[in-house]
Structures are given as C-alpha cells and as structure tokens.
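Reviewing the structure listed below.
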Amino acid sequence: MTKGLNLNRLAYFAAVVETGSFTHAAERLGITKAVVSQQITNLEQEVKTTLLVRSTRSVSPTEAGHDFYSRCSRILKEAEEAFDKLSQSTEIPTGTLRITAPYDYGATILAPVASAFRQAYPNCRVVLHLGDRISDLISEDLDLAIRVGWLTDSSLQARRIGVFRQIVVASAAYAEQLGALTHPEELRSKADFVGNLALADPLTWSFTHLDGRHAKVRLKSDMMLDTSAALLQAIKADAGVSVLPDFQVQGDLAAGELKVILPEWSLQDGGIYTVYPPARFRPAKVTQFARMLSEREKQREREVFK
C-alpha cells in the first residue's frame, strides 16, 4: 500500500465511478461536491495516476481507473462485511427464526429448546417445520435445519452438535414375556420385530458386542410403520421389539415403561447436525439458537452416555 494513502478516499472514488458524477457522488455521501473533487485530486496525486476523465457533462474512469475501481469495490465490500460481522457478534436476536427438523427429534428435543429461546429472546418469533421430508433451505426460506442420522454430500454448511444411540427396546410386559436374549439372531427367531419404513433398510442391522464381536442380521416383520412416533406407540402396546433413537425413548426407559433388549450389543451411533444455507455470516438469531441447542445436546449426552 502507498505510504500515507487515505483509505476513506476509496469510497469517494467508488461513488463517483458508480454515479458518473461528482454531484451525484456528493449527494450519496452527504458531503459537498467540492470536497469530493478535492479528495479525488488528492487520491490521483497519491497513486500518481489519472483515474478519471472529466468533461462538462460526465465523468468516466480511465483504463487504470477501471482496474483500480474493481479492486476498490472488493476492498469496500470486505470492509462492510467485516463491520457487519462485528455488529452481529453483539447483536440481540430479533425477527422470525424458521427451522426444519425430523418430527420425533423436533417434538422431543427441539420444541423445549425453542420455548427456552423465546423466553431468553422475546423479540424473536420461532416457526418449527417438523417432518421427515428433507426441506430445501434456500427455496423454502429456512434459516436452519436439524438433520439426524448420517449426512450425504451437500453444498450446505453442517456442524455436528451431538450423537445419539440406536436402542433395541420393547415394552416392560413384552420384555418379560420374551426373556433374556443373548444374540441378535434371536430377534429373528424369538421376537416380533416392528419395522420403521422411514429408514432406507428397516430390516437389516449390524450389531457390535462389548467384547468386540460383530453380527449382521436380516430380520422379518409382520408390522411396518412409517413414523417413529407411531412405532413407539405400537411398542408400548406390546407389539414387539424395535430400534428407536435414545432421545425418543429416554424418558420411557427411565420410567420403566420400556426395557432395553440385548443390552450387551450396540448399533452404530448416529449424528445430530445443524445445517445452514450457504452464507458468509449468520444472523444472531441463528447462532444463538444453535448455541442453545448444542448446550442441550451436551447435557443429554452426559445423561445417556454416563
């Protein structure tokens, strides 16, 4: 950078190029035409180059001025974004926050967090869109998505904020009737398995024992449901055994309504992600909600994985 260059003059120069007039540039900047003219003269002296061709009717950039303007506009845009980001860091969340999430996670975890968020930031309005359909954040004007499971490649920005366990469960009455199982193959031969049609492959499961052994089983099912909420109610009604995420059954397990089947065998853990539309900076309403949800997930992990 030229020694002693006044960076404020870049804004004056850009305004003249964009408006094509010293008068219009002065009006945009809220200063006098004489000040603009003098600042441009000083700028040309500092860079030792003629940047503008002046006539009685118009002002246009020289070839060097065109190149200098393209660089100036990038610098000014970066400076504006830097100030925006700085202001966002201390901004109080306001406006409407639109979130999409799977129904079971949204009803169990997200809704209470949304309530806490509203209490903390009463100037915000929260709209939750719950369902298993993958929403398009950009076309549907959504601020944030919560994805549960295993993410596929995406142009969106994602951050894992937690994990969940997949647990084989049954009602207390059905578990007592079933007795203790020692191997996943017994789910096929001794139990009624209730499948979840929302999964890509609801009947194939890979287990790992505490001692490191692996078992992959292909189950059969005479009852298939397409939502986890319905599946949970069927299990509670003694329909059989199934696999559900820990966040959906944690309360029922603690209350003794459900029992874990094959407690020495585990299934692959899944991830919980916050997913954002492409953007350099995120509004305070988004960052603060994501922070609160992340803290809730850390608390839940301590409870589940203790």
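Under the classification rounded if a/c is under 1.5, otherwise prolate if a/b is larger than b/c and oblate if not, where does region 104-150 fall, given a ≥ b ≥ c as square roots of the Cα gyration tensor eigenvalues? Note, shape of region 104-150 comes out oblate.
Counting only heavy atoms of the protein chains, get the accessible area per residue of the chain (1.4 Å probe) and round it to a whole Å² value. Can you show the working numbers first?
Details: 17100 Å² over 306 residues.
Using a 1.4 Å probe on heavy atoms only, each residue of the chain averages 56 Å².
Label positions at residue 180 and residue 136, each projected 7 Å from the Cα along the C-beta direction, are separated by 5.5 nm.
Classify region 130-261: rounded, prolate or oblate, from the alpha-carbon gyration tensor (a ≥ b ≥ c, eigenvalue square roots; a/c under 1.5 rounded; otherwise prolate if a/b is larger than b/c)? Before the final figure, lay out the partial values.
Details: a/c = 2.04, a/b = 1.74, b/c = 1.17.
Cα axes put region 130-261 in the prolate bin.
With contacts taken as Cα pairs under 8 Å and at least 6 residues apart, region 160-306 reaches a relative contact order of 41 percent.
Taking the Cα centre of the chain as origin and assigning +1 to Lys and Arg Cβ atoms and -1 to Asp and Glu Cβ atoms, the resulting dipole is close to 1120 debye. 3J(HN,Hα) along region 26-34: 4, 5, 5, 7, x, 10, 7, 4, 4 Hz, from the Karplus curve 6.51 cos²θ - 1.76 cosθ + 1.60 with θ = phi - 60°, whole Hz, x for Gly and Pro.
The share of accessible area on region 17-135 that comes from carbon and sulfur is 53 percent, using a 1.4 angstrom probe.
Which shape class, rounded, prolate or oblate, goes with the chain when its Cα gyration tensor gives a ≥ b ≥ c as root eigenvalues, a/c under 1.5 marks rounded, and past that a/b bigger than b/c marks prolate? Taking the square roots of the gyration eigenvalues as a ≥ b ≥ c, the chain is prolate. Close amide H contacts of residue 94 (hydrogens built in the peptide plane, cut-off under 5 Å, sequence separation of 5 or more or a different chain): 285.
With contacts taken as Cα pairs under 8 Å at a separation of at least 6 residues, the chain carries a relative contact order of 21 percent. Of the residues 145, 161, 131, the one whose Cα sits farthest towards the positive end of the charge dipole of region 94-240 is 161 (charges of +1 on Lys and Arg Cβ, -1 on Asp and Glu Cβ, taken about the Cα centre). For the residue pairs 190/236; 236/285; 220/298; 190/298, alpha carbon separations beyond 29 Å are given by 236/285; 220/298; 190/298.
A crude spin-label estimate for the pair residue 56 and residue 173, with each label 7 Å from Cα along the Cβ direction, gives 10.0 nm.
Each part reduced to its alpha carbon centroid, region 107-146 and region 235-306 end up 16 Å apart.
Once the piece of chain linking residue 268 and residue 23 is laid out straight, how much longer is it, given 0.36 nm per residue of separation minus the C-alpha distance between them? Spell out each step's value before the answer.
On the way: separation 245, 0.36 × 245 = 88.20 nm, distance 6.77 nm.
Stretched out fully, the residue 268 to residue 23 stretch lengthens by 81.4 nm.
When only Cα pairs below 8 angstrom with a gap of at least 6 residues are kept, region 36-167 shows a relative contact order of 20 percent.
Computed from Cα atoms, the angle from the helix 8-19 axis to the main principal axis of the chain rounds to 90 degrees.
The values are calculated or read from the model by the stated rules, or taken from the named source; none is laboratory data. All of these numbers come straight from a predicted model, not from anything done at the bench. Every residue, glycine among them, receives a Cβ derived from its backbone with ideal geometry; neighbour counts consider all protein chains shown. To get the accessible areas, we keep the full protein, side chains included, count just its heavy atoms, and leave off ligands, DNA and RNA. Shrake-Rupley method; radii C 1.70, N 1.55, O 1.52, S 1.80 Å.
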